[in-house]
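Trainee: First the structure, which I've put down as structure tokens, then a few questions once you've had a look.
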Amino acid sequence: MKLSCQKSTMLSSLQLLGPVTAGTTTKPILQAVKLEAIDDKAVLEATDLEVGVRCLVEPVEVQEAGTVVLQEGRLTELLREWPEEKICMETRGSMCLLSGKGGVFKMAGYDPEEFPVIPTFSDEGSVEVSADELEGMIKKVVFACASERVRHTMTGVLFREEGGELRMVATDGRRLAFARGKKSGGGKTTMDGIVPRRGVELLSRIATHQEGNVLLKMDGTHLLAKSGKATLCSQLIEGQYPNYEEAVPKDNDKKVEADAEGLAAAIRRATILTTAERHLIKLKLQKGMIVVEAETPEVGEAMVDVEVKYSGEDLEIGFNPDFLLDALKAIEKGTVQLEFKGPATAAIMKRSHDFLYVVMPIRLAETT
Amino acid sequence: MKKTETEMGKTKEVTSPWPLTPNPCPGRIHLLDPVVAGKIAAGEVIERPTSVVKELVENSIDAGASRIDVELMDGGKGLIKVIDNGVGMSPEDLSMLFLKHATSKISELEDLEAIRTLGFRGEALASIGVVSHTRILSCARGEATGAELEVKGGKRGELKFVGAPEGTLVEVRELFYNVPARRKFLKATPTEMASISEVLTKLALSHPEIHFTLAHNQREVFNLPPSPTVKDRIATFFGQDFAKELLFINSREPTLEVSGYIRPPAQSYGSARMQYTFLNGRYVREVNISHAVQESYRNLLPSGRYPIVFLFLKSEPSLVDVNVHPTKLEVRFREPSKVHGQVLKALKNALTQYTPKISPSLQEAARLTSIIQTQDKTGFPEGLPPSLLQTADTQTSTVKRELQRTPSGPFVQIHRTYIVEETPKGINIVDQHALHEILLYTELKNKILEGQIPVQRLLIPELVELNSNDFFNIIGLQESLARVGAEVEEFGQNTIIVRSLPQMLKDLDIKEFIKDLTERLKEEVEGEHVLDKVLKALACKGAVKSGCRLDPQEIQTLLEKRNSLQAVARCPHGRPTTLFLSVEELDRHFKRRTPKG
């Protein structure tokens with residue numbers, strides 16, 4: 001293999017692969033990237049067996065086709081320190097040679113045959129979503145995934161195409177986030193699978209760093225995505241995702257309209273007077289007002305009035321403040337609609353059509 | 001003949017008209033009223049509903065039944081009904097029933113030397129009849145009509161001839177109605193059910209050919225159709241996956257045959273409860289067998305873990321004495337060391353031949369490891385961890401970002417298991433799981449003492465499927481669980497639903513927690529110490545596991561919390577949390593300073 005290109009071109013592609021190799025520590029070949037030169041283009045690949053990312057290096061001059069697998073960390077480091085704008089890389093046996101004003105570097109490579117194969121992307125049967133839309137949806141749900149240690153299927157985000165729109169759901173069993181997004185194009189396809197959190201985060205990253213729309217599809221065991229020069233492949237989590245529609249209450253009759261930023265600020269302040277062991281605030285619904293309260297014996301008491309639109313009955317309900325703040329953060333600004341029923345049943349937070357959040361309350365159990 | 005005479009004489013004495021009540025002179029020795037004597041004797045055999053179930057079902061098995069149905073109300077305290085399709089009894093036999101030592105199973109003293117049936121003393125029904133209201137309906141095989149007999153508090157009613165299907169039905173109501181002391185000490189319904197379910201499990205395991213059903217308060221607990229093999233029966237109780245991994249053992253000697261199934265060492269249990277040992281079709285606990293089992297797994301299990309085994313011993317009946325204890329649980333072998341040796345050998349053989357199966361993902365890992373090893377052999381330089389290779393750009397690596405968040409605090413996580421921390425006089429090596437466990441345990445306990453605990457309700461409740469004894473055990477714990485914020489309810493047959501959890505246990509694996517709890521429980525499901533068991537199980541399963549990467553923030557929080565609490569040197573199980581190495585010890589090791597003196 002022999003190729004030359006701008007240093008920045010190679011680095012910008014490597015930047016997308018960095019998070020993939022950084023996730024693994026035990027298997028050296030998974031900390032490496034594969035650089036393949038074919039005809040007039042070059043492709044970089046990295047995988048940790050769960051997710052794989054492939055990125056076109058462009059523009060590039062290929063003098064000789066071939067493949068080399070190099071340690072990602074060292075390669076990135078070296079290129080950053082390289083004094084020239086243009087670089088030239090070529091293989092010498094199993095080594096890769098980089099030389100110029102920066103010196104002569106021969107880097108040991110891995111056997112390309114040992115590098116895991118990443119499935120390729122074909123446009124056929126994919127849906128098209130704008131990068132902003134995709135990124136926005138991911139941001140609205142990804143925080144609600146379960147942590148690694150609990151129920152496996154809940155550690156990922158459910159991607160589903162339904163009713164001509166794209167839906168994403170994430171839950172940790174205590175709260176659930178649901179986002180809807182418009183497709184920009186694409187034909188008929190079935191998309192229904194659980195994407196691991198890591199895959200979702202990488203997808204968001206690729207969508208942000210590349211220009212243009214994102215193409216998405218599923219093949220039963222993988223999510224495949226393409227955006228600009230980059231493609232991503234993520235394994236899907238096997239198993240049955242909980243029936244999320246069942247978790248959304250249908251008869252919450254106490255409806256409140258509040259300013260998202262104002263409510264979030266009040267909750268943040270009240271939360272200061274809670275502890276990790278008693279991470280609890282109370283919302284007291286009254287006519288035209290929500291009182292946000294915290295009461296922690298060893299820390300103190302807080303009471304914040306927030307003006308809202310509400311004309312129903314009084315209600316007192318406790319929550320983990322983080323769960324409320326997560327949703328308000330996803331809503332950002334504007335009006336949040338809150339829907340309650342009773343002190344022990346799920347509450348809804350939503351913004352228009354695109355975001356719905358269901359959260360279970362916290363109560364204080366008497367232990368004696 | 002002479003013997004009969006003395007017995008006759010004794011009977012005469014008992015029935016002689018002594019002034020029984022009230023005893024005019026409490027200090028004088030007198031013969032007991034036969035009813036009282038009966039109640040005392042009954043107490044030896046019949047302790048609680050479980051004993052009734054066991055005796056009746058054993059009778060049904062001895063009667064050659066191919067199907068046995070057990071129906072209970074209120075944990076057997078209200079009703080115990082056992083129906084079988086065995087050989088049944090003729091009206092004449094039935095009329096002999098409820099007489100003490102009336103049995104069809106042995107007749108001469110020599111028979112005691114070689115017992116082949118489960119029951120033999122003829123005490124069971126007589127004893128049950130004394131302390132309950134019992135109705136028995138039986139029809140001998142091949143007969144058109146059967147007979148019915150009722151006994152209440154030892155008083156027999158009239159024998160009635162009635163039509164009945166072949167086999168025997170026994171109904172025991174109001175157990176211990178006339179022994180208030182005993183009735184008062186009966187345990188809560190779930191406790192009794194757990195015990196009954198355990199007894200039936202043992203009987204069903206040793207008789208896979210019999211169709212067993214158990215119903216409680218008119219709901220089915222289990223229904224076990226006849227299984228072709230013991231392994232199938234094990235599978236119906238403990239699940240297909242469980243049975244799949246069993247290792248078969250077999251060893252045959254002229255006087256003793258040892259066969260059965262054992263679980264590989266990777267799957268062990270928190271107590272010896274999962275050691276089912278049977279001798280000639282009867283569940284037994286025998287010290288030589290238990291010792292041999294434990295010994296065969298020596299060095300294969302971590303301490304505090306017990307093997308899971310299902311052992312079936314067949315011995316020449318004359319080589320074993322089962323008439324040691326009224327419950328027949330204990331047996332004595334003529335040649336105990338021989339039994340020990342044979343069991344040990346049989347298990348060891350199976351365990352040495354066993355090689356663990358590797359799952360596909362592990363095979364992949366193994367393949368990669370071999371790649372790594374070849375790389376190493378070719379002299380490829382071992383790379384530094386990527387975290388040390390990257391510089392300024394924090395965007396490129398998640399590892400990098402976490403490193404930057406590291407406060408300057410002098411600690412580090414090693415092997416994803418221990419935290420090494422600098423202290424003014426040396427270093428602490430902290431077991432992350434043990435420390436977190438004692439912290440959670442202490443915090444939960446404090447919250448309980450304070451009287452309030454924040455409880456997070458679950459949006460998606462967790463269903464946990466259990467076997468029937470564990471199911472009843474957990475249901476029996478409902479109140480204790482609710483006190484710590486875990487709302488648990490019945491959800492259909494042998495399934496529970498968990499609706500809420502203490503807020504502080506964010507990463508609790510509910511299934512693991514319930515499983516752990518059932519292992520800790522054995523049979524006690526009441527009292528304060530049970531709450532402690534619940535707390536320990538919550539803390540253990542809620543705590544971060546070894547092998548789990550912690551970010552510096554989490555370590556910081558853990559260490560800070562430790563500093564604010566007392567008594568954290570040991571985890572709730574008594575394992576140490578921290579090893580301290582002083583600078584002096586380190587200096588001495590590296591020969592930096594010669595110790596004074």
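The values are calculated or read from the model by the stated rules, or taken from the named source; none is laboratory data. What you see is a predicted model, and the numbers here were worked out from it, not measured in a lab. Because the Cβ atoms are built from the backbone with ideal geometry, glycine has one as well, and the counts that use them run over all protein chains shown.
Trainee: Pick out the one residue from A:Leu273, A:Leu283, A:Leu263 that is out of contact with any helix residue (DSSP H, G or I) (no Cβ under 7 Å at 6 or more places or on another chain), over 26 Å from B:Thr557 (Cα atoms) and of a type outside the set (D, E, K, R).
Mentor: A:Leu283
Trainee: Considering only residues of region A:317-362 that are under 15 Å from A:Val292 (Cα atoms) and facing chain B (nearest Cβ under 8 Å), which is surrounded by the most Cβ atoms within 10 Å (Cβ to Cβ)?
Mentor: Within region A:317-362, the match that is surrounded by the most Cβ atoms within 10 Å (Cβ to Cβ) is A:Ile362.
Trainee: Moving on. Identify all residues within region A:116-161 that are outside any helix (DSSP H, G or I), surrounded by fewer than 21 Cβ atoms within 10 Å (Cβ to Cβ) and among the polar types (S, T, N, Q); write none if there are none.
Mentor: Matches in region A:116-161: A:Thr120, A:Ser122, A:Ser130, A:Ser147.
Trainee: Moving on. Within region A:97-112, count every residue that is of a type outside the set (Gly, Ala, Ser) and either in a loop (DSSP other than H, G, I, E, B) or closer than 23 Å to A:Pro19 by Cα (or both).
Mentor: Just the residues of region A:97-112 that are of a type outside the set (Gly, Ala, Ser), to begin with: A:97-98, A:101, A:104-107, A:110-112.
Retained after the next criterion (residues that are either in a loop (DSSP other than H, G, I, E, B) or closer than 23 Å to A:Pro19 by Cα (or both)): A:101, A:107, A:110-112.
Of the residues in region A:97-112, 5 are of a type outside the set (Gly, Ala, Ser) and either in a loop (DSSP other than H, G, I, E, B) or closer than 23 Å to A:Pro19 by Cα (or both).
Trainee: Can you name the condition, by its number, that B:Ile136 falls short on among (1) in contact with a strand residue (DSSP E or B) (Cβ under 6 Å, 6 or more places away or on another chain); (2) crowded, with 22+ Cβ neighbours inside 10 Å; (3) outside any strand (DSSP E or B)?
Mentor: With respect to (1) in contact with a strand residue (DSSP E or B) (Cβ under 6 Å, 6 or more places away or on another chain); (2) crowded, with 22+ Cβ neighbours inside 10 Å; (3) outside any strand (DSSP E or B), B:Ile136 is out only on (3).
Trainee: Identify, please: which residue in region B:162-202 is farther than 14 Å from B:Ser132 by Cα and among the charged types (D, E, K, R) and is, among those, surrounded by the most Cβ atoms within 10 Å (Cβ to Cβ)?
Mentor: The selected residue is B:Glu192.
Trainee: So which residues in region A:299-327 are closer than 27 Å to B:Lys506 by Cα, over 34 Å from the mean Cα position of the chain (by Cα) and in a loop (DSSP other than H, G, I, E, B)?
Mentor: A:Val299
Matching residues to (1) out of contact with any helix residue (DSSP H, G or I) (no Cβ under 9 Å at 6 or more places or on another chain); (2) over 18 Å from A:Leu49 (Cα atoms):
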{"site": "A:Gln210", "(1), (2)": "no, yes"}
{"site": "A:Leu215", "(1), (2)": "yes, yes"}
{"site": "A:Gly228", "(1), (2)": "no, yes"}
{"site": "A:Ser234", "(1), (2)": "no, no"}
{"site": "A:Glu238", "(1), (2)": "no, no"}
{"site": "A:Tyr244", "(1), (2)": "yes, yes"}
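Trainee: (1) modelled with pLDDT of 85 or more; (2) more than 18 Å from B:Gly304 (Cα to Cα): which one isn't true of B:Ala539, the others all being true?
Mentor: Among (1) modelled with pLDDT of 85 or more; (2) more than 18 Å from B:Gly304 (Cα to Cα), B:Ala539 violates only (2).
Trainee: Out of the residues in region A:261-280 meeting the condition of being closer than 15 Å to A:Ala347 by Cβ and modelled with pLDDT of 95 or more, tell me which one is nearest to the other protein chains (Cβ to nearest Cβ).
Mentor: Going through region A:261-280, the residues closer than 15 Å to A:Ala347 by Cβ turn out to be A:263, A:267, A:280.
If we keep only those that are modelled with pLDDT of 95 or more as well, we get A:263, A:267.
On the way: A:Leu263: 21, A:Ile267: 16 Å.
Across region A:261-280, the extreme among qualifying residues is A:Ile267.
Trainee: Restricting attention to region B:253-289, which residues are surrounded by fewer than 18 Cβ atoms within 10 Å (Cβ to Cβ) and at pLDDT 90 or above?
Mentor: Listed by number, the residues that qualify are B:Glu257, B:Ser259.
Trainee: Please indicate, with yes or no, whether at least one residue in region B:278-290 is on the phi > 0 side of the Ramachandran plot and not aromatic (Phe, Trp, Tyr). Working first, answer last.
Mentor: Here is the first cut: in region B:278-290, the residues on the phi > 0 side of the Ramachandran plot are B:280-281.
Then keep just the ones that are not aromatic (Phe, Trp, Tyr); that gives B:280-281.
Yes, the conditions are met somewhere in region B:278-290.
Trainee: When B:Leu444 is evaluated against the numbered criteria (1) surrounded by 22 or more Cβ atoms within 10 Å (Cβ to Cβ); (2) away from every other protein chain (no Cβ under 14 Å); (3) modelled with pLDDT under 90, which criterion, by number, is the only one it fails?
Mentor: (2)
Trainee: Which one is surrounded by the most Cβ atoms within 10 Å (Cβ to Cβ) among residues in region A:95-106 that are more than 14 Å from chain B (Cβ to nearest Cβ) and under 20 Å from A:Ser12 (Cβ atoms)?
Mentor: Ranking the qualifying residues of region A:95-106, first place goes to A:Leu98.
Residues checked against (1) assigned to a loop (DSSP other than H, G, I, E, B); (2) outside the structural domain of A:Arg351 (by TED's automatic domain parsing); (3) surrounded by 15 or more Cβ atoms within 10 Å (Cβ to Cβ); (4) free of Cβ contacts under 8 Å to residues at least 12 places away in the same chain:
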site	(1), (2), (3), (4)
A:Lys255	no, no, no, no
A:Ala258	no, no, yes, no
A:Ala264	no, no, yes, no
A:Ala270	no, no, yes, no
A:Thr274	yes, no, yes, no
A:His279	yes, no, yes, no
A:Leu285	no, no, yes, no
A:Ile290	no, no, yes, no
A:Glu293	no, no, yes, no
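Trainee: Please state which one of B:Glu512, B:Glu487 is touching a helix residue (DSSP H, G or I) at 6+ places or on another chain (Cβ under 6 Å), within 13 Å of chain A (Cβ to nearest Cβ) and surrounded by fewer than 21 Cβ atoms within 10 Å (Cβ to Cβ).
Mentor: Working: B:Glu487 fails: touching a helix residue (DSSP H, G or I) at 6+ places or on another chain (Cβ under 6 Å).
Going through B:Glu512, B:Glu487 in turn, the sole match is B:Glu512.
Trainee: Name the strands (runs of 3 or more DSSP E) wholly within region B:207-269 that hold at least 1 residues that are under 25 Å from B:Thr352 (Cβ atoms) and acidic (Asp, Glu)?
Mentor: The strands (runs of 3 or more DSSP E) meeting that bar are B:256-262.
Trainee: Report the residue count in region B:551-597 for those that are among the aliphatic types (A, V, I, L, M) and at pLDDT 85 or above.
Mentor: Residues in region B:551-597 being among the aliphatic types (A, V, I, L, M) and at pLDDT 85 or above: 7 in total.
Trainee: Show the residue pairs that are 6+ apart or on different chains and have beta-carbon atoms under 9 Å apart, the first residue being within region B:339-358 and of a type in the set (Ser, Thr, Tyr), the second being at pLDDT 85 or above.
Mentor: The qualifying pairs are B:Tyr354/B:Leu247; B:Tyr354/B:Pro264.
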